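Below is one structure; the comments refer to it alone.
The values are calculated or read from the model by the stated rules, or taken from the named source; none is laboratory data. Since the model is a prediction, treat every value here as computed from it, not as a measurement. Here the Cβ positions follow ideal geometry from the backbone for every residue, glycine too, while neighbour counts run over all protein chains shown.
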Amino acid sequence: MGVGIGKHSFSIVCDDTFFELAGIEAGQESQILLDIEMHKKETFITFSFNFNGKIVLPCDRCLDPVDILLTFKNELMVQYSSMIQQLNTEDDDLWTISENEFEIDIFHFVYESILLAIPIKIAHPEDEKTGCNPEIIEKLKEISLSEEAIDPRWETLKNINIENN
Ligand SMILES: [Zn+2]
């Protein structure tokens with residue numbers, strides 16, 4: 001990357017093209033604005049990433065899309081490979097690269113940062129207006145009720161299993 005010594009800042013929009021490349025099945029309206037501040041020095045580069053936007057993913061409960069707002073920062077320090085012997089390379093936020101790997105590595109870092117920022121549980125907030133699709137939730141309740149209705153015999157079997165263990 002032909003960037004001189006000093007500070008540089010640029011912005012990237014992570015949109016559907018990005019999510020597709022990253023293999024993240026996000027809704028069309030997903031969009032994360034990424035401001036990157038890069039400080040290039042003789043032997044290393046530091047990056048400050050500022051993520052701001054949303055990713056749209058299916059709800060764990062009702063499968064309707066949920067907007068997950070993502071606003072966070074992340075930092076990365078990259079050291080050129082000629083310096084490798086002097087470094088402790090165990091640190092995740094310290095990378096060693098050759099200059100031609102640059103673009104791929106940033107993509108990977110951005111991808112991982114976003115993945116880590118996505119909550120494990122994706123669900124609508126529990127209120128009436130923005131909550132889960134009520135039709136689906138009703139259906140799920142019906143299913144679990146009808147399962148319970150058949151259940152007495154299964155309950156007995158479950159108890160036998162537990163006792164045998
Ligand atoms: Zn939901």
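Conditions first: (1) more than 16 Å from the ligand (Cβ to nearest atom); (2) at pLDDT 90 or above; (3) assigned to a strand (DSSP E or B). Residue 68 passes all but one, so which condition is the exception? Condition (1) is where residue 68 drops out.
Select from the range 71-83 the residues that are closer than 20 Å to residue 109 by Cβ and surrounded by fewer than 17 Cβ atoms within 10 Å (Cβ to Cβ) and write down the one among them that is nearest to the ligand (Cβ to nearest atom). Ranking the candidates gives 71 first. The residues listed here are 122, 106, 114; of these, the one that is surrounded by 15 or more Cβ atoms within 10 Å (Cβ to Cβ), at pLDDT 90 or above and in a helix (DSSP H, G or I) is 114.
Just to be sure before I move on: is residue 44 in contact with a Lys or Arg (Cβ under 8 Å, 6 or more places away or on another chain) and within 17 Å of residue 6 (Cα to Cα) in the structure I sent? Taking the combined requirement at face value, the residue does not satisfy it.
For the range 1-64, the strands (runs of 3 or more DSSP E) that sit wholly inside it and include 1 or more residues that are farther than 18 Å from residue 120 by Cα, in contact (Cβ under 8 Å) with a residue 60 or more places away in the chain and aromatic (Phe, Trp, Tyr) are 44-58.
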